[in-house]
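Since the structure comes first, as structure tokens, the remarks are kept for the end.
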């Protein structure tokens, strides 16, 4: 299972790197062309916006793994350990339900918009809105991979890069 987790996390990270790199390249090229030739790529801002949507939803899972989303911990800090674990279990079930909800309705939304085309690139909006079910499915997998440690000990997965830099600075 650890091998699958490492491969899945590496895939997710490289996908994020590719999306961010492509978005940066498009925007940099468009700005350069605008200043050097007084012309710009008519599709650049649209594609960059759609890549930002993909970046947001695909990046949701890795942020969840490391506890990077906003959380209110006061209640579980005030509760005895067994009650705090039960609360975290309930929160975990809620998260799984939310991910399932977004996967299902994201798929429905894709189906409803499949014949609408983007203005500049004439691509089906279903490809852009696919970011929601894909990103939430990936977040669901990340959530399942960290759930046991989160519920039992309120621990999130640690980042190898963060751990190396933290131990080097001590």
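The values are calculated or read from the model by the stated rules, or taken from the named source; none is laboratory data. This is a predicted model, so every value here is computed, not measured. Here Cβ is always computed from backbone atoms with ideal geometry, including for glycine, and neighbour counts include all displayed protein chains.
Within the range 25-49, residues that are within 18 Å of residue 131 (Cβ to Cβ) reach partners that are exposed (fewer than 11 other Cβ atoms within 10 Å of the Cβ) with beta carbons closer than 8 Å, at six or more positions or on different chains, in the pairs 46/119.
Residues that are touching a helix residue (DSSP H, G or I) at 6+ places or on another chain (Cβ under 6 Å) and either under 22 Å from residue 131 (Cα atoms) or exposed (fewer than 12 other Cβ atoms within 10 Å of the Cβ) (or both) within the range 70-116 comprise 95, 99, 102, 103, 106, 107, 109, 110, 113, 114, 116, listed in sequence order.
On the given criteria, is residue 90 under 30 Å from residue 149 (Cβ atoms) and free of Cβ contacts under 8 Å to residues at least 24 places away in the same chain?
Working: under 30 Å from residue 149 (Cβ atoms): yes; free of Cβ contacts under 8 Å to residues at least 24 places away in the same chain: yes.
In short, yes.
Scanning the range 2-40 for residues that are outside any helix (DSSP H, G or I) and in contact with a helix residue (DSSP H, G or I) (Cβ under 8 Å, 6 or more places away or on another chain) returns 39, 40.
Filtered by the rule that a residue be over 16 Å from residue 49 (Cβ atoms) and touching a strand residue (DSSP E or B) at 6+ places or on another chain (Cβ under 8 Å), the range 109-128 gives 114, 115. Here the helices (runs of 4 or more DSSP H) wholly within the range 47-158 that include at least 2 residues being modelled with pLDDT of 95 or more are 81-112, 125-129, 131-153.
Quick one: is residue 127 surrounded by fewer than 18 Cβ atoms within 10 Å (Cβ to Cβ) and more than 24 Å from the chain's Cα centre (by Cα)? Working first, answer last.
Numbers: surrounded by fewer than 18 Cβ atoms within 10 Å (Cβ to Cβ): yes; more than 24 Å from the chain's Cα centre (by Cα): no.
It is false that residue 127 is surrounded by fewer than 18 Cβ atoms within 10 Å (Cβ to Cβ) and more than 24 Å from the chain's Cα centre (by Cα).
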